[in-house]
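Report on the structure given below.
The values are calculated or read from the model by the stated rules, or taken from the named source; none is laboratory data. All values derive from a computational prediction rather than experimental measurement. Note that we place each Cβ from the backbone using ideal geometry, even for glycine, and neighbour counts take in every protein chain shown.
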Ligand code: PRT
Ligand code: ZN
């Protein structure tokens, strides 16, 4: 039996459920249930907050998970990426107020930057020799400059309209992300075999869409 953790409700949820169904796996899901069992594959599906998924997979509470690479890498830990899934593509970007003079990373030196991704941003800046004060906030990062909390932000962008709507300009891409299948590092041989079957089906689903 494999336990797969997916996001309960959010941007990843629908595509994750669709992918599992397109793999030919049948299950009943309802919005109030926190887990469900597949009827034609030895799979149990757990519905969790996305931020909790890498930790549950690392600890073996779940064997597999579907999360954004941004969440996986920010979490650190030992959960392994085993398959890129091609949906929920986005980028983690630095942005400054539209009117700010920005010519390059050196302009961020000693600024206050608000983000929910201190690890990803911290290593990006450190690798480039930029020192800045990072302020970790968990949501509504885009309003930080307009309320005087930060000089710049680093957050997830997809269309760019949230930045635009908050008077911000995207200046650097820190990380590119998509949804990935992750696995705990200590699967049993039988679980590893089931994972291979699942990956084979996922790859076939993606090929069929191309
Ligand atoms: O409740 P839970 O903790 O499970 O969910 P969540 O609110 O933390 O995550 P959710 O559902 O918003 O996002 C889940 C994953 O989707 C993220 O970790 C990313 O991998 C991916 N993803 C793809 C995005 C976006 N696109 C996205 N646009 N995650 C967030 N956004 C937000 C972003 O934070 C910003 O506020 O959308 C806004 C920007 O969008 P644009 O289109 O205006 O640029
Ligand atoms: Zn989350």
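For the reader, a short list of remarks on this structure follows.
- Residues that are within 16 Å of ligand 1 (Cβ to nearest atom), in a loop (DSSP other than H, G, I, E, B) and modelled with pLDDT of 95 or more, drawn from region 10-43: 10, 11, 12
- Residue 77 vs. criteria closer than 30 Å to residue 204 by Cα, more than 15 Å from ligand 2 (Cβ to nearest atom) and surrounded by fewer than 16 Cβ atoms within 10 Å (Cβ to Cβ): yes
- For region 96-105, filtered to residues that are surrounded by 10 or more Cβ atoms within 10 Å (Cβ to Cβ) and more than 15 Å from residue 167 (Cα to Cα), the residue that is farthest from the chain's Cα centre (by Cα) is 104.
- Residue match in region 188-209 (condition: touching a helix residue (DSSP H, G or I) at 6+ places or on another chain (Cβ under 6 Å) and either buried (at least 19 other Cβ atoms within 10 Å of the Cβ) or at pLDDT below 95 (or both)): no
- Helices (runs of 4 or more DSSP H) fully within region 44-144 that include at least 2 residues being within 10 Å of ligand 1 (Cβ to nearest atom): 69-75.
- Residues satisfying the stated conditions in region 79-116, i.e. under 13 Å from residue 173 (Cα atoms) and touching a strand residue (DSSP E or B) at 6+ places or on another chain (Cβ under 8 Å): 90, 91, 92, 93, 94, 95, 96, 105
- When 114, 106, 144 are screened for being in contact (Cβ under 8 Å) with a residue 24 or more places away in the chain and in contact with a helix residue (DSSP H, G or I) (Cβ under 9 Å, 6 or more places away or on another chain), only 114 passes.
- Boolean, residue 115 is surrounded by fewer than 18 Cβ atoms within 10 Å (Cβ to Cβ), in the same structural domain as residue 162 (by TED's automatic domain parsing) and within 16 Å of ligand 2 (Cβ to nearest atom): no
- Within the set 138, 188, 177, 159, the sole residue that is within 19 Å of the chain's Cα centre (by Cα) and within 30 Å of residue 2 (Cα to Cα) turns out to be 177.
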